[in-house]
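Enquirer: Dumping the structure here so I can ask a few things about it.
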2 protein chains.
Amino acid sequence: MTGVAAARREAVLGRLRELGERVYQDIERGVFPSVEIRSRSVTNIVYDERARQFVLGPRTVKRSSHNLKQLRAFTQLLWLAYFSNRLISESRTSTLRDVYYSVQAYNLDFTDQDESDELVVDLETLLGRPREDFNIYPEERSSIFGDLTVEYTVPGYEGRRINLSSHPDGYMIGPSLSTAEFIDTSAELVLAVEKGGLFTRFVEERVHERFKAIIVDMAGQAPRATRYMLRRLNRELGLPVLILTDGDPWGAHIAAVVVAGSANAAHISEINVPDAKWVGIWATDIRRWRLPSEPFNEQDLKRLDELGRDPRYQAGIWREQLEEFRRLKRKSELEAFAKYGLTAIVDRYLPLKLEEAKSL
Amino acid sequence: MTGVAAARREAVLGRLRELGERVYQDIERGVFPSVEIRSRSVTNIVYDERARQFVLGPRTVKRSSHNLKQLRAFTQLLWLAYFSNRLISESRTSTLRDVYYSVQAYNLDFTDQDESDELVVDLETLLGRPREDFNIYPEERSSIFGDLTVEYTVPGYEGRRINLSSHPDGYMIGPSLSTAEFIDTSAELVLAVEKGGLFTRFVEERVHERFKAIIVDMAGQAPRATRYMLRRLNRELGLPVLILTDGDPWGAHIAAVVVAGSANAAHISEINVPDAKWVGIWATDIRRWRLPSEPFNEQDLKRLDELGRDPRYQAGIWREQLEEFRRLKRKSELEAFAKYGLTAIVDRYLPLKLEEAKSL
């Protein structure tokens, strides 16, 4: 289980070096340097049925120093590669916002944050690695709790270990945890929940012990570092990942993005968890448990229509529950189980869901 | 430094018991039970210049079981007192949303979440304690990092200690940390920052060691549990609390709420930190550091006008910087320092601010 983070670091450094070498070689051969990047235009984003993920098609776009229109983007891309290489070498992280401001020292100003964000996506596409691998992290953080011992690889903490069950309010999932090695766990599954309230409930009711679970609070739409962590728990430790959200189109979609990725991130599959399962709250649960519910509003209905056209919702439980939601036109929150007492969701709902998950 | 959490628990249980006894006594004396609560209407919220906080004036409102119009509110209030008493006795926590649903088991349905939230505020006002003291926590969490050893009081963790510098991504500030006892620290100050990105920057640049600081990420407008934690760090450990926000009216206000509280929470002062200091980004910093900045938009200007009429901004640095913002009409983010390199904010800005804070 060791060396995963180090291997990832070497991989991305290697690709940055290749990029640099290509540019140097072009110059030495007397040709204008350029790079080819797979196109992320809507027409080149395809849903791969077999991999159950969004991926990019074969079309590419060129950024050349020979073309005056592309020169600016080409130069910015090389600067970002340089900046990322320095981040990794110095073991520093940065946010997207930092990138936007950092370039100003080089008189390479971006028009706005969108341009700077797009550039980061360009580099992701070119290197085939998520930006977290070159130390650019989002602002948003979510948290984790459970019996998992990790060993840090960040400076000042190398070799130090902690167990993620020692702070009951949870551990932030940031750069240190993302790059830590997994050492040992007694957990047999991962429960990823939409809300902090339920996270705390699960910890208080000792779900980590009773169900041998690692509990992850996605805090709404899971930040990319969190999806990456869920993927690592699934791939490196072989743990099944079960997702619990509110019972509405938005909740379903939080789960779908963890499982199959987003069209926006079709260029990068390293953060998807195709084996993860959405176990609730299903539309059928709302009826079956007579949960307090509210009628769909216009946004809910519109979202439901959109999901109906989404390739991720065309089969299995996704399609089934979408149809049920369309009939029911009502939504329920995870907290609605409190009607049956604060512990009902753990004592009664969760065991049933774990059982049902086996046949998903 | 021990026993703080236990004392708080006893205090609130005592007040709940008193409330119950008053109701029983009324019944035994043959009178309809009622309670008096200090009014939270706008006209009864006053700014206490001496305490530098919003407080409630002397006016009260009555909730009586004798008045048919008040009976529902009176019953709901008693139910919430019962529910809170059970939460504390069972060492469980709940969210505001849980409260809304839990009452449904008693056929005491709230019209909507607003009514249920208002009821929680009624109980806070009546008991004179923040809802966190009767185990009702917000969803939002922020995080903390630094050399502080705490001892938990929550079930399953009683007597266990951790040091809050052992996980470099930070520890969530939830029910367990809020009720933990502070055991030991080498820190000499607290730095509360607006953003997760800066939090990570500070940890990476070892601000906790170089400046002997405990670092708190407020994650925007600080959740109440976080303001409560800042207050405890200030009161129990005697540490100065310095606040760093973006340089705009919104940032200033994040700081003002930590210091002087909000009108909404005028009934409860246990979460304010009157001694905390806002050290930046000031309007004067934007000019002095030639920070990348953007012109105010309409919302910024409107907010600035509102703050100009706010009693919290009528003196000292608050007034001074508000005037400066009015002249400058530009804003800068904390990340803007990245123009001078990622570590400039730590190496150059922070030392200066710590020096300036001494004369605030």
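Enquirer: Does B:Gly57 qualify as being more than 17 Å from B:Leu127 (Cα to Cα), free of Cβ contacts under 8 Å to residues at least 40 places away in the same chain and not β-branched (Val, Ile, Thr)? Reasoning before the result, please.
Expert: Numbers: more than 17 Å from B:Leu127 (Cα to Cα): no; free of Cβ contacts under 8 Å to residues at least 40 places away in the same chain: yes; not β-branched (Val, Ile, Thr): yes.
No: the conditions fail for B:Gly57.
Enquirer: Kindly indicate whether B:Glu270 is closer than 16 Å to B:Pro223 by Cβ and surrounded by fewer than 20 Cβ atoms within 10 Å (Cβ to Cβ).
Expert: On the way: closer than 16 Å to B:Pro223 by Cβ: yes; surrounded by fewer than 20 Cβ atoms within 10 Å (Cβ to Cβ): yes.
Spelling it out, B:Glu270 is indeed closer than 16 Å to B:Pro223 by Cβ and surrounded by fewer than 20 Cβ atoms within 10 Å (Cβ to Cβ).
Enquirer: While we're looking at this one, here's another question. Hey, can you tell me all the residues within region B:182-214 that are closer than 22 Å to B:Gly247 by Cα, at the interface with chain A (Cβ under 10 Å from one of its Cβ atoms) and assigned to a helix (DSSP H, G or I)?
Expert: Passing the criteria: B:Gly196, B:Gly197, B:Leu198, B:Phe199, B:Thr200, B:Arg201, B:Val203.
Enquirer: Taking region A:149-181, which residues are part of a strand (DSSP E or B), at the interface with another protein chain (Cβ under 7 Å from one of its Cβ atoms) and either acidic (Asp, Glu) or over 22 Å from the mean Cα position of the chain (by Cα) (or both)?
Expert: Hit for region A:149-181 is A:Ile162, nothing else.
Enquirer: Further question: Conditions: (1) free of Cβ contacts under 8 Å to residues at least 24 places away in the same chain; (2) touching a helix residue (DSSP H, G or I) at 6+ places or on another chain (Cβ under 7 Å); (3) of a type outside the set (D, E, K, R). B:Ile162 meets all but one. Number of the miss?
Expert: B:Ile162 satisfies every listed condition except (2).
Table: residues versus (1) within 26 Å of the chain's Cα centre (by Cα); (2) within 14 Å of chain A (Cβ to nearest Cβ); (3) among the aliphatic types (A, V, I, L, M).
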{"residue": "B:Pro295", "(1), (2), (3)": "no, yes, no"}
{"residue": "B:Glu298", "(1), (2), (3)": "no, no, no"}
{"residue": "B:Arg309", "(1), (2), (3)": "yes, no, no"}
{"residue": "B:Gln314", "(1), (2), (3)": "yes, no, no"}
{"residue": "B:Leu322", "(1), (2), (3)": "yes, no, yes"}
{"residue": "B:Leu328", "(1), (2), (3)": "no, no, yes"}
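Enquirer: Might you check whether a residue that is at the interface with chain A (Cβ under 8 Å from one of its Cβ atoms), surrounded by 19 or more Cβ atoms within 10 Å (Cβ to Cβ) and either aromatic (Phe, Trp, Tyr) or more than 16 Å from the chain's Cα centre (by Cα) (or both) occurs anywhere in region B:103-122? Write out each step before concluding.
Expert: Of all residues in region B:103-122, those at the interface with chain A (Cβ under 8 Å from one of its Cβ atoms) come to B:104-105.
Pick out the ones that are also surrounded by 19 or more Cβ atoms within 10 Å (Cβ to Cβ) and you get none.
There is no residue in region B:103-122 that is at the interface with chain A (Cβ under 8 Å from one of its Cβ atoms), surrounded by 19 or more Cβ atoms within 10 Å (Cβ to Cβ) and either aromatic (Phe, Trp, Tyr) or more than 16 Å from the chain's Cα centre (by Cα) (or both).
Enquirer: Can you tell me which residue among A:Thr149, A:Thr153, A:Thr93 is touching an Asp or Glu at 6+ places or on another chain (Cβ under 9 Å) and either of a type in the set (Lys, Arg) or under 30 Å from B:Arg290 (Cβ atoms) (or both)?
Expert: Numbers: A:Thr149 fails: either of a type in the set (Lys, Arg) or under 30 Å from B:Arg290 (Cβ atoms) (or both); A:Thr153 fails: either of a type in the set (Lys, Arg) or under 30 Å from B:Arg290 (Cβ atoms) (or both).
Of the residues listed, the single one that is touching an Asp or Glu at 6+ places or on another chain (Cβ under 9 Å) and either of a type in the set (Lys, Arg) or under 30 Å from B:Arg290 (Cβ atoms) (or both) is A:Thr93.
Enquirer: Can we say B:Thr226 is away from every other protein chain (no Cβ under 14 Å) and under 18 Å from B:Phe145 (Cβ atoms)? Before you say what the answer is, go through the steps one by one.
Expert: Working: away from every other protein chain (no Cβ under 14 Å): no; under 18 Å from B:Phe145 (Cβ atoms): yes.
So B:Thr226 fails the test.
Enquirer: Okay, next question. Which of (1) modelled with pLDDT under 95; (2) assigned to a helix (DSSP H, G or I); (3) surrounded by 19 or more Cβ atoms within 10 Å (Cβ to Cβ) is the odd one out, the single condition B:Glu306 does not satisfy?
Expert: (3)
Results for (1) in contact with a Phe, Trp or Tyr (Cβ under 9 Å, 6 or more places away or on another chain); (2) under 28 Å from B:Arg290 (Cβ atoms); (3) of a type outside the set (Asp, Glu); (4) touching a residue at least 40 places away in the same chain (Cβ under 8 Å), shown as yes or no for each residue.
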{"residue": "A:Leu78", "(1), (2), (3), (4)": "no, yes, yes, yes"}
{"residue": "A:Ser84", "(1), (2), (3), (4)": "yes, yes, yes, yes"}
{"residue": "A:Phe110", "(1), (2), (3), (4)": "yes, yes, yes, no"}
{"residue": "A:Gln113", "(1), (2), (3), (4)": "yes, yes, yes, no"}
{"residue": "A:Ser116", "(1), (2), (3), (4)": "yes, yes, yes, no"}
{"residue": "A:Leu119", "(1), (2), (3), (4)": "yes, yes, yes, yes"}
{"residue": "A:Glu124", "(1), (2), (3), (4)": "yes, no, no, yes"}
{"residue": "A:Gly128", "(1), (2), (3), (4)": "no, no, yes, yes"}
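Enquirer: Do we have any residue at all in region A:225-240 that's small (Gly, Ala, Ser), surrounded by fewer than 24 Cβ atoms within 10 Å (Cβ to Cβ) and in a loop (DSSP other than H, G, I, E, B)?
Expert: yes
Enquirer: Please tell me if B:Leu354 is closer than 26 Å to B:Gly196 by Cβ and out of contact with any Ser or Thr (no Cβ under 8 Å at 6 or more places or on another chain).
Expert: It is true that B:Leu354 is closer than 26 Å to B:Gly196 by Cβ and out of contact with any Ser or Thr (no Cβ under 8 Å at 6 or more places or on another chain).
Residue by residue, here is whether (1) touching a Lys or Arg at 6+ places or on another chain (Cβ under 6 Å); (2) farther than 30 Å from B:Arg348 by Cβ holds:
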| position | (1), (2) |
| --- | --- |
| B:Tyr152 | yes, yes |
| B:Arg160 | no, yes |
| B:Asn163 | no, no |
| B:Ser166 | no, no |
| B:Asp169 | no, no |
| B:Gly174 | yes, yes |
| B:Glu181 | no, yes |
| B:Ser186 | no, no |
| B:Ala192 | no, no |
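Enquirer: Does region B:174-193 contain any residue that is in contact with a strand residue (DSSP E or B) (Cβ under 7 Å, 6 or more places away or on another chain), surrounded by 24 or more Cβ atoms within 10 Å (Cβ to Cβ), outside the structural domain of B:Ser91 (by TED's automatic domain parsing) and hydroxyl-bearing (Ser, Thr, Tyr)?
Expert: No: region B:174-193 contains no residue that is in contact with a strand residue (DSSP E or B) (Cβ under 7 Å, 6 or more places away or on another chain), surrounded by 24 or more Cβ atoms within 10 Å (Cβ to Cβ), outside the structural domain of B:Ser91 (by TED's automatic domain parsing) and hydroxyl-bearing (Ser, Thr, Tyr).
Enquirer: Looking at region A:123-139, which of the residues that are more than 18 Å from A:Asn272 (Cα to Cα) and assigned to a loop (DSSP other than H, G, I, E, B) is farthest from the other protein chains (Cβ to nearest Cβ)?
Expert: Step by step, filter region A:123-139, then rank; the result is A:Asn135.
Enquirer: Separate question: Identify, by number, the condition in (1) within 14 Å of chain B (Cβ to nearest Cβ); (2) part of a helix (DSSP H, G or I); (3) more than 21 Å from the chain's Cα centre (by Cα); (4) closer than 26 Å to B:Asp169 by Cα that A:Ile88 doesn't meet.
Expert: Looking at each condition in turn, A:Ile88 falls short on (3).
Enquirer: Next question, about the same structure. Applying the selection to region B:80-101, what residues are under 22 Å from B:Arg9 (Cα atoms) and of a type in the set (Ser, Thr, Tyr)?
Expert: Of region B:80-101, the ones under 22 Å from B:Arg9 (Cα atoms) are B:80-96, B:98-99.
B:Tyr82, B:Ser84, B:Ser89, B:Ser91, B:Thr93, B:Ser94, B:Thr95 - these are the residues of region B:80-101 that are under 22 Å from B:Arg9 (Cα atoms) and of a type in the set (Ser, Thr, Tyr).
Enquirer: Return the residues of region B:256-277 that are touching a Phe, Trp or Tyr at 6+ places or on another chain (Cβ under 8 Å) and either free of Cβ contacts under 8 Å to residues at least 60 places away in the same chain or part of a helix (DSSP H, G or I) (or both); say none if nothing qualifies.
Expert: Looking only at region B:256-277, we keep the residues that are touching a Phe, Trp or Tyr at 6+ places or on another chain (Cβ under 8 Å), and these are B:256, B:259-263, B:265-266, B:270-271.
Correct list: B:Ala256, B:Val259, B:Ala260, B:Ala263, B:Ala265.
The values are calculated or read from the model by the stated rules, or taken from the named source; none is laboratory data. Just so you know, these numbers come straight off a predicted model, no measurement behind them. With ideal geometry, Cβ positions are generated from the backbone for all residues, glycine too; neighbour counts draw on all protein chains shown.
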